[in-house]
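A.B. asks: This is the structure I have questions about; it appears just below.
The values are calculated or read from the model by the stated rules, or taken from the named source; none is laboratory data. What you see is a predicted model, and the numbers here were worked out from it, not measured in a lab. So basically every Cβ, Gly included, is an ideal-geometry build from the backbone, and we count neighbours across all protein chains shown. These area figures cover heavy atoms from the full protein model, side chains too; ligands, DNA and RNA do not enter into them. Shrake-Rupley method; radii C 1.70, N 1.55, O 1.52, S 1.80 Å.
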Amino acid sequence: MSRALLPDLAPWKASADFRRLWKSGLISNFGSFLTFVALPVQLKDLTESAAAVGAIGAVELLPLIVCGLYGGALADALDKRKLIVWTEAGQGLLSAALLLNALLPRPAVWPLYVVAALSSALVSVQRPALDSLWPRIVAHDDMPAAASLNSLRWTVGGVAGPAVAGVVVAYAGLGWAYAADLLTFAVSLAYIARIAPSPAAEEAAKPDLKAIAEGARYAWSRKELLGTYAVDLAAMFLAMPLAVLPFLADDLHARWALGLMYATIPAGALLVSLTSGWTSRVHRHGVLVVLSAAGWGLAVAAAGVCGNVWLVLLFLAVGGGFDMVSGIFRAAMWNQTIPDELRGRLAGIELLSYSVGPQLGQVRAGGTAAWAGVRASVWSGGLACAGAVGLLALCLPGLMTYDARTNEHAVRMRERRAAVSA
């Protein structure tokens with residue numbers, strides 16, 4: 001493989017705290033993906049209802065919105081490391097609750113929804129702190145490389161977790177998947193505890209509605225940022241097929257392939273991450289966000305049309321690759337242009353853009369599948385995604401003209417970081 005394609009390891013080499021944060025996320029993500037597969041499979045087995053599985057997204061939505069916005073304000077006002085530690089511990093306790101329920105002679109359905117809602121709340125508080133911590137410990141010009149490495153961390157867990165989960169759930173049982181997730185949270189906490197404190201900036205605002213509104217006003221003033229939020233929201237709401245994958249596997253008479261279906265989207269993303277060296281040399285980030293989001297939709301549509309399981313897996317992997325390209329350049333735009341004192345609140349808004357879409361997408365996919373069929377739910381959503389992204393590109397010219405070398409906000413942040421380092 002050409003050296004120019006290999007991931008840029010500059011952030012990894014320069015920052016011990018970045019390495020610790022990366023390792024923690026890798027381990028935690030692996031366990032979370034075990035539960036990510038096990039939970040809908042358990043719901044399907046208990047209810048035999050696509051709508052019931054899709055309803056996971058509905059119960060996660062309100063905590064995601066409320067806690068995401070407030071979590072962003074907390075990330076700006078509190079020590080980010082402490083916030084990450086406490087929310088990680090809370091997620092470990094929720095994994096223990098799933099394990100206890102799975103071990104009952106007759107597992108109940110309601111705890112699955114309760115845990116899904118509480119987990120959504122904790123993740124929504126934690127993610128703004130995580131997303132606003134690593135830009136503090138990485139040099140400004142290394143942020144695209146750090147975004148690629150963070151994506152690599154996520155995709156390794158996203159490939160290995162579902163693949164292992166499919167085997168564990170099928171042959172060992174749901175309890176083992178939840179137990180493994182619990183163990184990974186314990187190991188992850190050991191890494192996070194060694195990260196240096198990251199206290200709030202001196203000019204940090206109190207975590208109240210006024211602070212949240214200030215972050216929202218800043219986001220509204222940045223039309224290129226709004227474009228990234230809108231494109232990702234459309235892509236995830238219209239084309240995310242995860243809720244119906246257990247039913248798609250049954251439709252294709254390939255239940256054995258369910259774990260692979262969950263793994264192929266992150267597998268495609270992993271391939272992009274492993275060859276992401278080229279991303280540091282791209283400056284027109286907005287164009288890549290739009291083109292790759294449209295590619296994601298078309299790939300998902302192709303997966304819905306195909307009746308061969310291997311072609312379905314191929315197109316899901318292609319879609320995952322496109323989605324990763326979009327994610328890398330969205331993260332680069334966000335982290336190279338947003339002031340540190342607003343980083344947490346804007347990370348909360350970002351969380352809504354890339355999380356609310358998938359949650360609503362689960363409801364859309366499950367409801368459409370119940371009404372029109374599983375495969376129609378997949379291909380129609382993919383085509384709608386491609387069309388919506390095209391319309392957004394026409395309506396948001398600032399996104400298409402964004403250039404990291406000349407954008408006023410990127411230039412200002414580059415100068416601020418240089419002045420601090422001098």
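A.B. asks: Zone of Asp208 (label point 7 Å along Cα→Cβ, backbone N under 15 Å): which residues in segment 45-87?
C.D. replies: 73-74, 77
A.B. asks: Would you mind telling me the share, in percent, of accessible area of segment 243-355 contributed by carbon and sulfur at probe 1.4 angstrom?
C.D. replies: 72
A.B. asks: Okay, next question. For the chain, calculate the relative contact order in percent as a whole number, restricting contacts to Cα pairs under 8 Å that are 6 or more residues apart.
C.D. replies: Worked out over the chain, it gives 29 percent.
A.B. asks: Jot down the per residue volume, in cubic angstrom and as a whole number, of the convex hull over the alpha-carbon atoms of segment 164-262.
C.D. replies: 189
A.B. asks: At R0 = 41 Å, how high is the FRET efficiency between Arg412 and Ala190 if r is their beta carbon distance? Nearest 0.05 is fine.
C.D. replies: 0.60
A.B. asks: Give the relative contact order (percent, whole number) for segment 138-293; include only Cα pairs under 8 Å separated by 6+ residues. Show your work: numbers first, answer last.
C.D. replies: On the way: 78 pairs, mean separation 78.1, N = 156.
Answer for segment 138-293 is 50 percent.
A.B. asks: Related question: Per 5 Å bin, what percent of the C-alpha pairs of segment 287-422 does each bin hold, from zero upward?
C.D. replies: P(r) for segment 287-422, in whole percents per bin: 2, 9, 14, 19, 18, 13, 9, 7, 5, 3, 1, 0, 0.
A.B. asks: Tell me the relative contact order for segment 336-422 as a rounded percent, counting alpha carbon contacts under 8 Å between residues six or more apart.
C.D. replies: For segment 336-422, the relative contact order is 41 percent.
A.B. asks: Top to bottom by accessible area (1.4 Å), largest first, where do Trp220, Trp379 land?
C.D. replies: I get Trp220, Trp379, largest accessible area first.
A.B. asks: Compute the Kirkwood hydrodynamic radius of the chain, taking the inverse of the mean of 1/r over all pairs of distinct Cα atoms, and give it in Å to one decimal.
C.D. replies: 21.4
A.B. asks: Within the chain, how many Lys pairs sit with Cα atoms under 19 Å apart, leaving out pairs fewer than 8 places apart on the same chain?
C.D. replies: 5
A.B. asks: A further question follows. What is the magnitude of the charge dipole of the chain about its Cα centre, with +1 placed on the Cβ of each Lys and Arg, -1 on the Cβ of each Asp and Glu, and no other charges, expressed in debye to the nearest 20? The partial results should precede the final answer.
C.D. replies: Values: 32 positive and 27 negative charges, 112 e Å.
Around 540 debye, computed over the chain.
A.B. asks: Let me ask something else about it. What is segment 112-173 by shape, rounded, prolate or oblate, if you read a ≥ b ≥ c off the alpha carbon gyration tensor as root eigenvalues and call it rounded for a/c under 1.5, prolate for a/b larger than b/c, and oblate otherwise?
C.D. replies: Judged from the Cα gyration tensor, segment 112-173 comes out oblate (a/c at least 1.5, b/c at or above a/b).
A.B. asks: A follow-up question, please. If you build the convex hull over the alpha carbons only and average its shadow over all orientations, what do you get for segment 7-131? Give it in nm² to one decimal.
C.D. replies: Reported value for the Cα convex hull: 8.9 nm².
A.B. asks: Here's a follow-up. Using the heavy atoms of the protein chains alone and a 1.4 angstrom probe, what is the accessible area of segment 306-405 per residue in square angstrom?
C.D. replies: Spelled out: the 1.4 Å probe surface of segment 306-405, per residue, equals 34 Å².
A.B. asks: I would also like to ask the following. Evaluate 2.2 N^0.38 Å with N set to the residue count of segment 116-213, then give the Cα radius of gyration divided by it.
C.D. replies: 1.39
A.B. asks: Let me ask something else. What Kirkwood radius, in Å to one decimal, follows from the Cα pairs of segment 156-217? Could the numbers behind the result be given before it?
C.D. replies: Details: mean 1/r = 0.0643 Å⁻¹.
Taking every pair of different Cα atoms in segment 156-217, averaging 1/r and inverting gives 15.6 Å.
A.B. asks: Give me the accessible area per residue for segment 169-299, probe 1.4 Å, as a whole number in Å².
C.D. replies: 43
A.B. asks: Continuing with this model, one more query. Taking one equal scatterer on every alpha-carbon of segment 215-319, how large is log10 of I(q)/I(0) by Debye at q = 0.10 1/Å?
C.D. replies: -0.36
A.B. asks: Expressed as a whole percentage, what fraction of the accessible surface of segment 35-91 belongs to carbon and sulfur atoms when a 1.4 Å probe is rolled over the protein heavy atoms?
C.D. replies: About 72 percent, which is the carbon plus sulfur part of the accessible surface.
A.B. asks: Here is a follow-up. Compute the accessible area per residue over segment 40-105, keeping the other protein chains in place, probe 1.4 Å, unit Å². All intermediate terms of the calculation are to be shown ahead of the outcome.
C.D. replies: Numbers: 2650 Å² over 66 residues.
Per residue, segment 40-105 has 40 Å² of solvent-accessible surface.
A.B. asks: Using the alpha-carbon centroid of each, what span in Å lies between segment 24-87 and segment 89-153?
C.D. replies: First find each Cα centre; the distance between them is then 6 Å.
A.B. asks: Then there's this: Distance in nm between label sites at Trp278 and Ala89, each 7 Å beyond Cα in the beta-carbon direction?
C.D. replies: 4.6
A.B. asks: Here is a further query. Which percent of the accessible heavy-atom area of segment 121-229 goes to carbon and sulfur, probe 1.4 angstrom?
C.D. replies: After summing per-atom areas, the C and S share lands at 67 percent.
A.B. asks: Once you put a point 7 Å from the Cα of Ala14 and another 7 Å from the Cα of Thr47, both along the Cβ direction, what distance in nm separates them?
C.D. replies: Going by the 7 Å Cα→Cβ label model, 4.7 nm.
A.B. asks: What is the distance in Å between the Cα centres of segment 284-353 and segment 372-406?
C.D. replies: The distance from the Cα centre of segment 284-353 to that of segment 372-406 comes to 10 Å.
A.B. asks: Compute the length gained on full extension between Asp79 and Val305: take 0.36 nm times their separation in residues and subtract their Cα-Cα distance, giving the result in nm to one decimal.
C.D. replies: Result for the pair: 76.5 nm of gain on full extension.
A.B. asks: Within 10 Å, count the other beta carbons around each residue, average over each peptide in 40-53, 345-358, 235-248, 294-307, and list them highest first.
C.D. replies: Top of the packing list down: 235-248, 345-358, 294-307, 40-53.
A.B. asks: What accessible area, in Å² to the nearest ten, does a 1.4 Å probe give for His283?
C.D. replies: Per-residue accessible area (His283): approximately 60 Å².
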